[in-house]
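Enquirer: Shown below is the structure under consideration.
The values are calculated or read from the model by the stated rules, or taken from the named source; none is laboratory data. Computed from a prediction, not measured in an experiment: that's the story for all the values here. Here the Cβ positions follow ideal geometry from the backbone for every residue, glycine too, while neighbour counts run over all protein chains shown.
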Amino acid sequence: MKNIAILGATGSIGISTLDVISRHPEKYSVFALSANSNWKKMEKLCIKYMPKIVVMDDEEAAENLRKVAPDGVMVLQGKSALNDVASHQNTDFVMAAIVGSAGLSSTFAAATSGKRVMLANKESLVLGGNLLINAAKESGAELIPVDSEHSAIFQCLQGGKEGLKKIQLTASGGPFLKTPVEDLINVTPKQACNHPKWKMGQKISVDSATMMNKGLEVIEAHFLFQLSHSKIEVVIHPQSIIHSFVYFNDGSVLSQLGLPDMRSAISFALSYPGRQNSGVESLDLTKQESLEFLSPDMDKFKCLGLAYGALEQGESAPGTLNAANEVAVEAFLNKKIGFLDISKTIEKTLAINPISRLDTLASVVENDHLSRQIARSIIEPRLS
Ligand code: NAD
Ligand code: MG
């Protein structure tokens, strides 16, 4: 029996993880759940899954949950409680599914304490890079990708990396794949969050619309598979049936296919190296529309080029890119800036914040804070 801690349990990945786990009560037990502030949703999860520990980031939410949580559920609050749960001696597997850099320190806590880290929170790898990879290596933690493309590549590389030429991450192209660039000025948060294939949280939905999601994934792939940027390509595949390609020097190309449902990747991270029922239906290719593949329009999706540039620069640049993106996406969702201002904010932040060497978690966090300040001052110059 494996004890699972799901960090970001109320979100899209968190709920899908609970769905997979509940199909295998003989294998997995829900040990801990965490969320930001939605205590009403968490109350329902407590009643259904009876975790031993719940951590809410928000103080008032924790207070409210304490009053209604079923007996036997301990409600804790705050960031250090979250790290404690991630590294708890009774935790076997950690689902890192908090959105954004808020997930960094708990992902690190799990990685330094030898857990199986099921990594959905790509931002922590973009920020922490080799620090996170090395922490996992030292402690013996397993870093298993949950991002569908990276899970696909991980699955294709089970035979080893010998003869690996390059990888190609597939991208749906998001809701604006066919929208002319001049029409992007006026798109609303609602339009940007209306993803044609995947149902996801708001932040990653906007990232998919700008294609920053794929940019972050290029950086994520660089660290996970230790490949140079020149060996990581992006191909648009609007049907989201093929989840990436791995090219070998004997002319073979391996890929993993499946319906666009995150439960497949989540299930594999849980059952690795084995497989199990995830609840996802089988693919019937005779019933599928034809599969298309296109090159990304780098002039239209500027964020993708910015991410490649940051990866090439290395050091603190990916962290700066990520921080500026988080600030810009939030401002876009709050209707403070337009859709096209997202890439402009990131570009300016990268130009202002000098590159620095990040050798410790503290320096990563410091660069994150500084980059956020710069991005905010670009968005609201009068307030800074
Ligand atoms: P979501 O917005 O649906 O859920 C986010 C979760 O994080 C919620 O439980 C929320 O309470 C928690 N959270 C937010 N801010 C927090 C804070 N400050 N402190 C503590 N907890 C906080 O997001 P999601 O779509 O489930 O995505 C989660 C992560 O998984 C992201 O990093 C995303 O890039 C990645 N991911 C998601 C998908 C997907 O299909 N949704 C696919 C691949 C990767
Ligand atoms: Mg993905």
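Enquirer: So which residues in segment 129-167 are touching a helix residue (DSSP H, G or I) at 6+ places or on another chain (Cβ under 6 Å), within 16 Å of ligand 1 (Cβ to nearest atom) and of a type in the set (Gly, Ala, Ser)?
Expert: Gly129, Ser148, Ser151
Enquirer: Also, quick follow-up: Return the only residue of Lys190, Lys203, Lys137 being more than 24 Å from Phe245 (Cβ to Cβ) and within 16 Å of ligand 2 (Cβ to nearest atom).
Expert: Unique residue meeting the criteria: Lys203.
Enquirer: Consider Ala62 carefully, then state whether it is hydrophobic (A, V, I, L, M, F, W, C) and part of a strand (DSSP E or B).
Expert: Spelling it out, it is not the case that Ala62 is hydrophobic (A, V, I, L, M, F, W, C) and part of a strand (DSSP E or B).
Enquirer: When you check Val55 against the structure, is it assigned by TED's automatic domain parsing to the domain that holds Thr107, under 24 Å from Pro145 (Cα atoms), among the hydrophobic types (A, V, I, L, M, F, W, C) and touching a residue at least 60 places away in the same chain (Cβ under 8 Å), yes or no?
Expert: Criteria not met by Val55.
Enquirer: So which residues in segment 294-309 are of a type in the set (Phe, Trp, Tyr) and part of a loop (DSSP other than H, G, I, E, B)?
Expert: Phe301
Enquirer: State whether the residues of segment 260-272 include one that is surrounded by fewer than 22 Cβ atoms within 10 Å (Cβ to Cβ), over 21 Å from Ser12 (Cα atoms) and either within 16 Å of ligand 2 (Cβ to nearest atom) or modelled with pLDDT of 95 or more (or both).
Expert: Checking segment 260-272: at least one residue is surrounded by fewer than 22 Cβ atoms within 10 Å (Cβ to Cβ), over 21 Å from Ser12 (Cα atoms) and either within 16 Å of ligand 2 (Cβ to nearest atom) or modelled with pLDDT of 95 or more (or both).
Enquirer: Hey, another quick one. Among the residues in segment 35-55, are any under 30 Å from Glu281 (Cβ atoms), among the small types (Gly, Ala, Ser) and touching a helix residue (DSSP H, G or I) at 6+ places or on another chain (Cβ under 8 Å)?
Expert: Checking segment 35-55: at least one residue is under 30 Å from Glu281 (Cβ atoms), among the small types (Gly, Ala, Ser) and touching a helix residue (DSSP H, G or I) at 6+ places or on another chain (Cβ under 8 Å).
Enquirer: So Met211 passes all but one of these: (1) at positive phi; (2) out of contact with any strand residue (DSSP E or B) (no Cβ under 9 Å at 6 or more places or on another chain). Which condition number does it fail?
Expert: (2)
Enquirer: Here's a follow-up. In segment 84-124, what residues are of a type in the set (Phe, Trp, Tyr) and assigned to a strand (DSSP E or B)?
Expert: Phe93 - this is the single residue of segment 84-124 that is of a type in the set (Phe, Trp, Tyr) and assigned to a strand (DSSP E or B).
Enquirer: Identify all residues within segment 84-112 that are touching a strand residue (DSSP E or B) at 6+ places or on another chain (Cβ under 9 Å), more than 20 Å from Ala221 (Cβ to Cβ) and polar (S, T, N, Q); write none if there are none.
Expert: Ser87, Asn90, Thr91, Ser106
Enquirer: Looking only at segment 22-59, filter to residues that are aromatic (Phe, Trp, Tyr) and part of a strand (DSSP E or B); which one of those is nearest to Ser267 (Cα to Cα)?
Expert: Only one residue fits best here, namely Tyr28.
Enquirer: Also: Across segment 18-36, which residue is farthest from ligand 1 (Cβ to nearest atom) among those that are more than 15 Å from Thr91 (Cα to Cα) and charged (D, E, K, R)?
Expert: Per the criteria, the residue is Glu26.
Enquirer: Also, quick follow-up: In the set Leu291, Leu350, Leu321, which member is at pLDDT 95 or above and in a loop (DSSP other than H, G, I, E, B)?
Expert: That would be Leu291, the only listed residue that is at pLDDT 95 or above and in a loop (DSSP other than H, G, I, E, B).
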